[in-house]
Amino acid sequence: MGKDLVLYQSKYGASRSYAEWLGAAWGCPACALQDCKGGLGVYQRIVLVGGLYAGSMAGLKRFFRLCEGVPHERAAVLCVGASPYDADTLAACKARGFGAGWQDVPLFYARGRLDMAQLNPVDRALCRMLCKSVARKDPASLEPWMQALLSAADAPQDWADPGQLAPLLAHWEKTR
């Protein structure tokens, strides 16, 4: 054993960036989840990096199917989103997406990017409608995710930073 693998499901590029940064830190490949055919039991550490969209994480179902039979302590998940870290959102994502059998797999969070011009037409339309709704609220009552959304409506935002991998890297240092 001793090999590591970083898988990613990236729609707009931030998850792929985090996967590549993690792969570089570990000296292992960062591979698109769709290219993974299985055989994950040979890896010592397996991480899925995926985007968080409306409270659900991209690629989780497939990742957990591929990890069947892999001891859970060898897996972890990093979700990437545009909103600032929110423990309640992360807990809801885990409760909804991890299922009863995977609750012991650690979940981490990192902020990504938001560029309205890069969104596909459906995502862009949904974000614009949400922006209009949020913009009508009292600015003092806006939640952090609402502020992030409005800031990206005017100009692309990039919060991606390899330093945000620190909690995930620290987790693996503790378990070695």
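Restricting attention to region 104-121, which residues are assigned to a helix (DSSP H, G or I) and modelled with pLDDT under 90? Step through it out loud before you land on a result.
Within region 104-121, the subset assigned to a helix (DSSP H, G or I) is 116-118, 121.
Of everything in region 104-121, those that are assigned to a helix (DSSP H, G or I) and modelled with pLDDT under 90 turn out to be 116, 117, 118.
Starting from residues that are touching a residue at least 40 places away in the same chain (Cβ under 8 Å) and under 15 Å from residue 19 (Cα atoms), keep the ones in region 61-86 and report whichever is surrounded by the fewest Cβ atoms within 10 Å (Cβ to Cβ).
76
Out of region 122-138, which residues are in contact with a helix residue (DSSP H, G or I) (Cβ under 8 Å, 6 or more places away or on another chain) and outside any loop (DSSP other than H, G, I, E, B)? Steps first, answer last, please.
Going residue by residue through region 122-138, those that are in contact with a helix residue (DSSP H, G or I) (Cβ under 8 Å, 6 or more places away or on another chain) are 124, 127-128, 130-131, 134-135, 137.
Answer for region 122-138, where residues must be in contact with a helix residue (DSSP H, G or I) (Cβ under 8 Å, 6 or more places away or on another chain) and outside any loop (DSSP other than H, G, I, E, B): 124, 127, 128, 130, 131, 134, 135.
Under 9 Å between Cβ atoms, which residue pairs at least 6 apart in sequence (or on different chains) link something in region 132-154 that is open to solvent by 90 Å² or more (accessible area, probe 1.4 Å) with a partner that is among the charged types (D, E, K, R)?
Sorted first by the residue in region 132-154, then by its partner, the pairs are 143/86.
When the residues of region 43-78 are narrowed to those that are over 10 Å from the mean Cα position of the chain (by Cα) and among the β-branched types (Val, Ile, Thr), which ends up modelled with the lowest pLDDT?
The qualifying residue modelled with the lowest pLDDT is 70.
Please state which one of 7, 40 is more than 15 Å from residue 164 (Cβ to Cβ), open to solvent by less than 10 Å² (accessible area, probe 1.4 Å) and modelled with pLDDT under 95. Quick ask: steps written out before the conclusion?
Working: 7 fails: modelled with pLDDT under 95.
Among 7, 40, only 40 is more than 15 Å from residue 164 (Cβ to Cβ), open to solvent by less than 10 Å² (accessible area, probe 1.4 Å) and modelled with pLDDT under 95.
Do we have any residue at all in region 160-174 that's among the aromatic types (Phe, Trp, Tyr), within 20 Å of the chain's Cα centre (by Cα) and either within 19 Å of residue 84 (Cβ to Cβ) or assigned to a loop (DSSP other than H, G, I, E, B) (or both)? Can you show your working first?
The first filter runs over region 160-174 and keeps only residues among the aromatic types (Phe, Trp, Tyr), leaving 172.
Subset that is within 20 Å of the chain's Cα centre (by Cα): 172.
From what's left, either within 19 Å of residue 84 (Cβ to Cβ) or assigned to a loop (DSSP other than H, G, I, E, B) (or both): none.
Scanning region 160-174 turns up no residue that is among the aromatic types (Phe, Trp, Tyr), within 20 Å of the chain's Cα centre (by Cα) and either within 19 Å of residue 84 (Cβ to Cβ) or assigned to a loop (DSSP other than H, G, I, E, B) (or both).
Report yes if residue 58 is open to solvent by 10 Å² or more (accessible area, probe 1.4 Å), among the hydrophobic types (A, V, I, L, M, F, W, C) and touching a Ser or Thr at 6+ places or on another chain (Cβ under 8 Å), otherwise no.
yes
Filter region 86-103 down to the residues that are on the phi < 0 side of the Ramachandran plot, in a loop (DSSP other than H, G, I, E, B) and at pLDDT below 90 and list them by number.
Of the residues in region 86-103, the ones on the phi < 0 side of the Ramachandran plot are 86-98, 100-103.
With in a loop (DSSP other than H, G, I, E, B) added as a condition, the list becomes 86, 98, 103.
86 - this is the single residue of region 86-103 that is on the phi < 0 side of the Ramachandran plot, in a loop (DSSP other than H, G, I, E, B) and at pLDDT below 90.
The values are calculated or read from the model by the stated rules, or taken from the named source; none is laboratory data. Note that the structure is predicted; figures quoted are calculated from it, not measured. Cβ atoms come from the backbone with ideal geometry, glycine included; neighbour counts cover every protein chain shown. Accessible surface is based on the protein model in full, side chains and every heavy atom, while ligands, DNA and RNA are left aside. Shrake-Rupley method; radii C 1.70, N 1.55, O 1.52, S 1.80 Å.
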